[in-house]
Amino acid sequence: RAAQAEQFTRYQYLKFLAASLKMKAMMGWIDSFLMESDEKLMLGVIHKGIIKQLYERYHKISVVIDGSKSLLQRDAAEKEFRHGNKRILIGQVKAMGIGGNYPECCNVALCELPWAPGTCSQFAARCLRLTSTRPVSFYWLIAANTIEERLCQMIQSKSKHLDLVLDGETDQLSTLNVF
């Protein structure tokens, strides 16, 4: 168990390192998105250090929802994003997996990858609601030649296997296709 814990810690560090090293490119992509569109954007992040860097850059137009927020703080952030002038919601992927409906937002970008395909789907599902009137674009901000590529392949493989087990076939619409 100690060896598994050590290996998991190494993977977590590599994930954080990959996210840290791609910050400049990631912020460039976000800047381009904001200039080319007037739509809202939901960013999925895992590490609080990455959340902090993103919020420092986009604090005037963003809100943050992470595990440290109380229900009142979370509700206030949701209202400000949904009905106010905030264009970016920086969300900790695990904290955003349950609750929260953002049908006004039709753009989701995963800045960091979780381990499970269901976590990715749940994060995107915050925008895919019954009241949604537009299709949702899902962006994967992946750093080439890092652990993120391997993790992306693993998530995609898990998604296909889950579809086979649960549905008996792979559904191209529900299976996560990153590559």
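The values are calculated or read from the model by the stated rules, or taken from the named source; none is laboratory data. Owing to the predicted nature of the structure, the values given are computational and were not obtained by experimental measurement. Counting neighbours? That spans all protein chains shown, and the Cβs are built from the backbone with ideal geometry, glycine included. The area values use the complete protein model at the heavy-atom level, side chains included, leaving out ligands, DNA and RNA. Shrake-Rupley method; radii C 1.70, N 1.55, O 1.52, S 1.80 Å.
Mind checking whether some residue in region 71-89 is touching a Ser or Thr at 6+ places or on another chain (Cβ under 8 Å) and among the small types (Gly, Ala, Ser)?
Among the residues of region 71-89, not one is touching a Ser or Thr at 6+ places or on another chain (Cβ under 8 Å) and among the small types (Gly, Ala, Ser), which makes the answer no.
Out of 103, 114, I need the residue that is within 23 Å of residue 144 (Cβ to Cβ) and either surrounded by 16 or more Cβ atoms within 10 Å (Cβ to Cβ) or in contact with a Pro (Cβ under 7 Å, 6 or more places away or on another chain) (or both). Which one?
The conditions single out 114.
Looking at the structure I just gave you, is residue 48 open to solvent by less than 60 Å² (accessible area, probe 1.4 Å) and farther than 22 Å from residue 159 by Cβ?
Spelling it out, it is not the case that residue 48 is open to solvent by less than 60 Å² (accessible area, probe 1.4 Å) and farther than 22 Å from residue 159 by Cβ.
Hey, among 125, 109, 116, 95, which residue is of a type in the set (A, V, I, L, M) and modelled with pLDDT of 80 or more?
109
On the given criteria, is residue 42 open to solvent by less than 80 Å² (accessible area, probe 1.4 Å), within 23 Å of residue 115 (Cα to Cα) and assigned to a strand (DSSP E or B)? Walk me through how you get there before you give the answer.
Values: open to solvent by less than 80 Å² (accessible area, probe 1.4 Å): yes; within 23 Å of residue 115 (Cα to Cα): yes; assigned to a strand (DSSP E or B): yes.
It is true that residue 42 is open to solvent by less than 80 Å² (accessible area, probe 1.4 Å), within 23 Å of residue 115 (Cα to Cα) and assigned to a strand (DSSP E or B).
Any residue in region 100-127 that is closer than 17 Å to residue 154 by Cα and assigned to a strand (DSSP E or B) sitting within a Cβ distance under 7 Å of a residue that is open to solvent by 10 Å² or more (accessible area, probe 1.4 Å) and at pLDDT 80 or above? List the pairs, counting only those 6 or more apart or interchain.
110/140; 110/141
Please specify each residue of region 1-11 satisfying the condition of being more than 17 Å from residue 142 (Cβ to Cβ), of a type outside the set (Gly, Ala, Ser) and assigned to a helix (DSSP H, G or I).
4, 6, 7, 8, 9, 10
Return the residue satisfying two criteria in turn: it lies in region 51-85 and is over 26 Å from residue 13 (Cα atoms) and either in contact (Cβ under 8 Å) with a residue 40 or more places away in the chain or of a type in the set (S, T, N, Q) (or both), and of such residues it is most open to solvent (accessible area, probe 1.4 Å).
Per the criteria, the residue is 85.
Going by the structure shown, is residue 143 in contact with a helix residue (DSSP H, G or I) (Cβ under 6 Å, 6 or more places away or on another chain), open to solvent by less than 30 Å² (accessible area, probe 1.4 Å) and within 21 Å of residue 49 (Cβ to Cβ)?
yes
Could we say that residue 17 is open to solvent by 50 Å² or more (accessible area, probe 1.4 Å) and assigned to a helix (DSSP H, G or I) here?
yes
Taking the condition open to solvent by 20 Å² or more (accessible area, probe 1.4 Å) and either touching a residue at least 12 places away in the same chain (Cβ under 8 Å) or touching a Lys or Arg at 6+ places or on another chain (Cβ under 8 Å) (or both), does residue 90 pass?
Taking the combined requirement at face value, the residue does not satisfy it.
How about region 61-85: which of its residues are assigned to a loop (DSSP other than H, G, I, E, B) and not aliphatic (A, V, I, L, M)?
Our first condition is that a residue be assigned to a loop (DSSP other than H, G, I, E, B); within region 61-85, this holds for 61, 66-70, 84-85.
Passing the criteria: 66, 67, 68, 69, 70, 84, 85.
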